[in-house]
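Quick notes on the structure that follows.
The values are calculated or read from the model by the stated rules, or taken from the named source; none is laboratory data. Just so it is clear, the structure is predicted and the values come from calculations on it, not from any experiment. All Cβ positions, glycine included, derive from the backbone under ideal geometry; neighbour counts span all protein chains shown.
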Amino acid sequence: MANPGWHGTTIIGVKKGGEVVIAGDGQVSLGQTVIKGSARKVRRLSPGGFDVVAGFAGSTADAFTLLERLEAKLEATPGQLQRAAVELAKDWRTDKYLQKLEAMLIVSDGAQIYVITGAGDVLEPEHDITAIGSGGNYALAAGRALMASELSAEDIARRAMEIAADICVYTNGNLTVERIAG
């Protein structure tokens with residue numbers, strides 16, 4: 001069966017003032033229909049007592065598979081988010097099962113923030129801000145414009161998500177926000 005037209009999700013990660021905030025909307029759409037408006041696409045992982053915040057865009061089942069794999073990598077390399085992210089990206093790119101997964105992740109340990117993709121990328125964003133998903137470019141542009149302001153990381157993330165929700169029909173204002181100190 002072909003992809004049924006799932007759309008949705010905007011996730012933003014903002015690093016400012018010694019903390020990282022990852023925020024995501026709650027909308028899940030199938031075609032032009034909103035299926036759910038309160039999905040939690042940002043989660044806190046704590047493998048071995050090491051806190052990581054992750055947000056995902058794409059297929060929910062695929063994203064959960066990737067989050068489980070990331071947790072296992074973090075357990076194998078405690079306190080080394082970059083190494084765990086690179087190991088996950090390598091597996092994702094080379095494993096025939098994982099290659100079919102359609103999702104992207106933003107992850108942070110409070111010190112670093114990364115985007116992990118199925119193409120094998122582990123990207124550290126410029127300007128301490130990144131966004132993914134259908135409204136990602138809108139949130140990114142709004143967030144970058146706000147970075148020079150006196151707003152906190154959380155305020156920037158919330159305002160950027162509000163702007164993205166006003167523009168992208170696959171994004172709503174029902175946010176999940178997680179903060180992690182560096």
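Residues of the stretch 87-125 that are over 16 Å from the mean Cα position of the chain (by Cα) and part of a helix (DSSP H, G or I): 87, 90, 91, 92, 93, 94, 98, 99, 100. Residue 72 passes every criterion in (1) outside any loop (DSSP other than H, G, I, E, B); (2) in contact with a strand residue (DSSP E or B) (Cβ under 8 Å, 6 or more places away or on another chain); (3) modelled with pLDDT of 90 or more; (4) not polar (S, T, N, Q) apart from (2).
Residue-level check: of (1) under 14 Å from the mean Cα position of the chain (by Cα); (2) among the aromatic types (Phe, Trp, Tyr); (3) surrounded by 15 or more Cβ atoms within 10 Å (Cβ to Cβ), residue 64 misses just (3). Residues of the stretch 154-182 that are touching an Asp or Glu at 6+ places or on another chain (Cβ under 7 Å), assigned to a strand (DSSP E or B) and among the β-branched types (Val, Ile, Thr): 177, 180. For the stretch 67-87, what are the residues that are of a type in the set (D, E, K, R) and crowded, with 17+ Cβ neighbours inside 10 Å? If the condition is that a residue be of a type in the set (D, E, K, R) and crowded, with 17+ Cβ neighbours inside 10 Å, then 69, 71, 73, 87 are the ones that fit. Kindly indicate whether residue 57 is part of a loop (DSSP other than H, G, I, E, B) and either surrounded by 14 or more Cβ atoms within 10 Å (Cβ to Cβ) or of a type in the set (Gly, Ala, Ser) (or both). Answer is no for this residue.
Within the stretch 6-35, restricting attention to residues that are in contact with a Ser or Thr (Cβ under 9 Å, 6 or more places away or on another chain) and free of Cβ contacts under 8 Å to residues at least 40 places away in the same chain, the residue that is farthest from residue 63 (Cα to Cα) is 35.
Within the set 139, 145, the sole residue that is outside any strand (DSSP E or B) and either closer than 22 Å to residue 28 by Cβ or in contact with a helix residue (DSSP H, G or I) (Cβ under 8 Å, 6 or more places away or on another chain) (or both) turns out to be 139.
With respect to residue 82, determine if the residue is closer than 16 Å to residue 180 by Cβ and either among the acidic types (Asp, Glu) or assigned to a helix (DSSP H, G or I) (or both). The answer is yes for residue 82.
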